[in-house]
Amino acid sequence: MEPRNFDGDADRPRSAGAKQTGRVLVIGPYLRVRAGGADAQSESHIQRDAEARLDEAAGLARAIDLVIADAIIAPISQIRPATYIGKGKVEEIAALAKSLEAELVVMDCALAPIQQRNLEKELHAKVLDRTGLILEIFGRRAKTKEGSLQVELAHLNYQRSRLVRSWTHLERQRGGFGFMGGPGETQIEADRRLIQERISKLEGELKKVQATRRLHRAGRQRVPYRVVALVGYTNAGKSTLFNRLTRADVQAADMLFATLDPTLRALTLPHGGKAMLSDTVGFISNLPTQLVAAFRATLEEVLEADVILHVRDISHEDAEAQQSDVDAVLRQLGINPDDSGRIIEVWNKIDRYDSEQREELLNIAARRPEDHPAMLVSAVSGEGIDALLSAIEERLAAKRTTLDLSIDAADGAGISWLHRNSEVLAKELHDGRFDMTVRVDETKRDIVVNRFDAVPRLSAP
């Protein structure tokens, strides 16, 4: 169990006698994968995957400004009910934590409450599991009231299960009169009741948030704007791509969960049409179920989107595994990740490849099925953005009907209605009449045909 130091400041000279505080030890307790009594993968492959996972865990810790004293991989053959890892590894980690003066040990796994408590006793340090660490990040990132509500709800659901024996000194409070009264409400029960009351209140407030979002979506549906949503693994470059497509200034940083609160901006398509682009929270492997449930109000923007852009950091060594993680969360939300009519796969960060590697990547993309294309882009340099916009427009147009019509120039109300309820592709004045080409939803197709005597166009412009 050789230590690996992830602290970029580890080699900097420090003043004599200076004592660091808030130092963190990151542990990767990863199961060895075996099949048929033998390792399913070579040791080097297992190590490379574990290294990437540990890098991500260290990145999560850095995202809330923790100082990482060391980060190590602790391979295990099975999960121990009491401490998750074996007794020998617990002793090794305890000795390392003491020598490094680590005040916090981050375990890159989901710990049961009993495992977390036992580890804290053995390691003589505070222990935080992956779920708790992600909740801490979300708590710091949430800026809007909606985001704060959702984070607090997820945190309380997580905390509720970790009240076991937290208050043993107040475990028996006598109730009733004299010696006949039984034990009163324990401190644990009181805490659980208070947490449950707060959870119920938050759920009520989130229902109001969902109702408000439904009103906003209904308002957008009354105009010809369609919704395009960005999804993807955290740090895949969604916010940078969002800024590139909409010329916005949403925070974009090389940091896990740099963006948490959802943002919507207008997106201009190649032929002048408009759509609304939504930037959502990034996904991550082993995303806590509490967060998926709590952030459902936010993720409903993805559920209602006409087109979903699955943004992938194609340069990442675990790009395929990250894709699987995002697909798993989409399925949790009730979205089929294989729906080629709705989802466009965007391979981002191609600027990190040299010309030869980029050519190889283009060949891989070209061999994909026609109904599952991959758009190669660089959100930083802008390469491939025009092709992506055309693909978005084409996908949106597939769900709409293009109509040709002629309308009297004096019919101002009719022309105004068309501008509000359709996408006007062309408009020319001839002999007191406007010859127009419009694109409309199927729900409004019959209205336009009957009111304006419009005819479908065989091929859209």
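General observations
- Considering region 310-322, the residues that are touching a residue at least 24 places away in the same chain (Cβ under 8 Å) and within 23 Å of residue 228 (Cα to Cα) include one that is surrounded by the fewest Cβ atoms within 10 Å (Cβ to Cβ), namely 313.
- Of the residues making up region 310-347, those that are within 13 Å of the chain's Cα centre (by Cα) and outside any helix (DSSP H, G or I) are 310, 311, 312, 333.
- Candidate set from region 409-431 (those that are acidic (Asp, Glu) and modelled with pLDDT of 90 or more); member that is most open to solvent (accessible area, probe 1.4 Å): 428
- Verdict on residue 203 being at pLDDT 65 or above, of a type outside the set (A, V, I, L, M), over 23 Å from residue 144 (Cβ atoms) and part of a helix (DSSP H, G or I): no
- Taking every residue in region 105-131 that is assigned to a strand (DSSP E or B) and pairing it with any residue that is open to solvent by 40 Å² or more (accessible area, probe 1.4 Å), at least 6 positions away or on another chain, the pairs with Cβ-Cβ distances below 6 Å are 127/120; 129/110.
Yes or no, residue by residue, for (1) open to solvent by less than 10 Å² (accessible area, probe 1.4 Å); (2) farther than 24 Å from residue 160 by Cα; (3) more than 26 Å from the chain's Cα centre (by Cα):
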| residue | (1), (2), (3) |
| --- | --- |
| 74 | yes, yes, yes |
| 78 | no, yes, yes |
| 88 | no, yes, yes |
| 96 | no, yes, yes |
| 108 | no, no, no |
| 112 | no, no, no |
| 122 | no, no, yes |
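- Scope region 293-303; condition modelled with pLDDT under 80 and either farther than 14 Å from residue 329 by Cα or open to solvent by less than 10 Å² (accessible area, probe 1.4 Å) (or both); matching residues: 294, 295, 297, 298, 299, 301
- Taking the conditions (1) open to solvent by 60 Å² or more (accessible area, probe 1.4 Å); (2) modelled with pLDDT of 85 or more; (3) closer than 15 Å to residue 404 by Cβ in turn, residue 461 satisfies each one other than (2).
- Within the span defined as region 399-421, every residue fails to be among the acidic types (Asp, Glu) and either within 30 Å of residue 239 (Cβ to Cβ) or assigned to a helix (DSSP H, G or I) (or both).
- Residue list for region 366-399, filter: open to solvent by 30 Å² or more (accessible area, probe 1.4 Å) and among the charged types (D, E, K, R): 367, 368, 370, 371, 383, 386, 394, 395, 399
- Applying a threshold of 9 Å to beta carbon distances and a minimum spacing of six or more residues, or different chains, the list of pairs starting in region 340-362 at a residue that is farther than 22 Å from residue 391 by Cα and at pLDDT 90 or above and ending at one that is small (Gly, Ala, Ser) and assigned to a loop (DSSP other than H, G, I, E, B) reads 352/315; 352/378; 353/315.
- Tally of residues being crowded, with 21+ Cβ neighbours inside 10 Å and not in a loop (DSSP other than H, G, I, E, B) across region 58-72: 7
The values are calculated or read from the model by the stated rules, or taken from the named source; none is laboratory data. On a predicted model such as this, the values are computed, not experimentally measured, just so you know. Every residue, glycine as well, gets a Cβ built from its backbone with ideal geometry; the counts of neighbours run over all protein chains shown. Keep in mind that these areas ignore ligands, DNA and RNA; they rest on the heavy atoms of the full protein, side chains included. Shrake-Rupley method; radii C 1.70, N 1.55, O 1.52, S 1.80 Å.
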